[in-house]
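Only one structure is covered here, and it is reproduced in the block below.
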């Protein structure tokens, strides 16, 4: 793999060539070298397969049998505890206590002596729960490795920046940190700072040619499709897909594994024969957006579908089928029937208690961007107001603490959606409905339940600030 480094924004990047296996080998080599920088940043655009590479590296480190993988954390936007930075250090400490049992007593001792550690600064948490326990183990021939994926999916940019500075400022770090993300501006600036730059090994996927890997991936997937559809695809005089089709599809991927994976899901999961579905893909334009539009064009856009999709896109936390159904007052069978139609774009859980997830965050970006979606599939701004009403309905009906994720979400996030509805100037259109439910809310027993829930979850200071913000927002609403 040639070292074709270049400068960009103050960073010295190693432009990766070869195959995905070459990239993984490069990273594994970095983990083994004591002289290598303690931080490795794998950067690249959306859809380049960074998470798949990180997952493979983590699995190989875990399979070495030498306890090399100390901990891992995979950020995911709008996924509850995996979206903010709040629980990162404590989660890493817990993983370390499990993968390196000798550290467990030291970590537990630190928390018993000072239960406030999880509320302290990132630097203090890191020192007391990670660095100190590991240093008490003494010297180790091979360094431990921590894997943290999708830094750009964390919604707390300041904390991510502080975390990187803490990692870089630690002398003789008893860990190596493998990090991956898009090269977003706030991350690029932090990595470009002198301290972080001098302690980081940069691997850049931007110019990586994944053509051969994607072709191999497609061949493997199409072999599986042929086996599952042997009666229609095993004709003696027909090769499917043809070499021409496979080459065209590989070119259309433009190096994006997410495109290839979405195409395969579209062909496998949709209605009609695999041949017809592949032809539809090849007849469309390049890129993911036309593929998103193509998938959505095959679905009946009834109210259940629109309500489900909009809520899935706009909620700040990913919810289960059951919780989404409870929040929206939609039967789970109705919801699943509609989600199945776009299962090439979303991950549908095996049971209704499982979380519904987007296959890629670019689908959310597509739905929220008028230029990309051509306004045909854009998620209407008015859906924030729609979610406010459904949250209030749930809270009004509560007589005790939240009993499931839907009620917990309603209590913690109704104001967030009200705030966004206000900023989008959507209250005029939906004001009659929101006003009625707000008045019912303030007259109901649910108000007391909500206040007590906020106090229990946020503490008195946070609750006081929250209630004042709500008061101001409500005054603005009623003036309108």
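Counting beta carbons within 10 Å around each of 252, 77 and listing the fewest first gives the order 77, 252. Solvent-free Debye calculation, one equal scatterer per alpha-carbon of segment 6-204: log10 I(q)/I(0) at 0.12, 0.19 Å⁻¹ equals -0.57, -1.53. A simple packing score, the average count of other Cβ atoms within 10 Å per residue, orders the peptides 390-400, 172-182, 21-31, 295-305 as 172-182, 390-400, 21-31, 295-305, with the highest score first. Among 185-197, 108-120, 317-329, the peptide with the highest mean count of other Cβ atoms within 10 Å heads the list, and the full ranking is 317-329, 185-197, 108-120.
Segment 93-145 and segment 183-205 have their alpha-carbon centroids 26 Å apart. When 171, 63 are arranged by Cβ crowding within 10 Å, least crowded first, meaning fewest neighbours, the order is 171, 63. Ordering 88, 68 by the number of other Cβ atoms within 10 Å of each residue's own Cβ, fewest first, gives 68, 88.
Values quoted throughout were computed directly from the atomic coordinates according to the rules given, and no laboratory measurement underlies them. Keep in mind that what you see is a predicted model, and the values were worked out from it rather than measured. Here the Cβ is made from the backbone with ideal geometry for all residues, glycine too, and neighbour counts use every protein chain on show.
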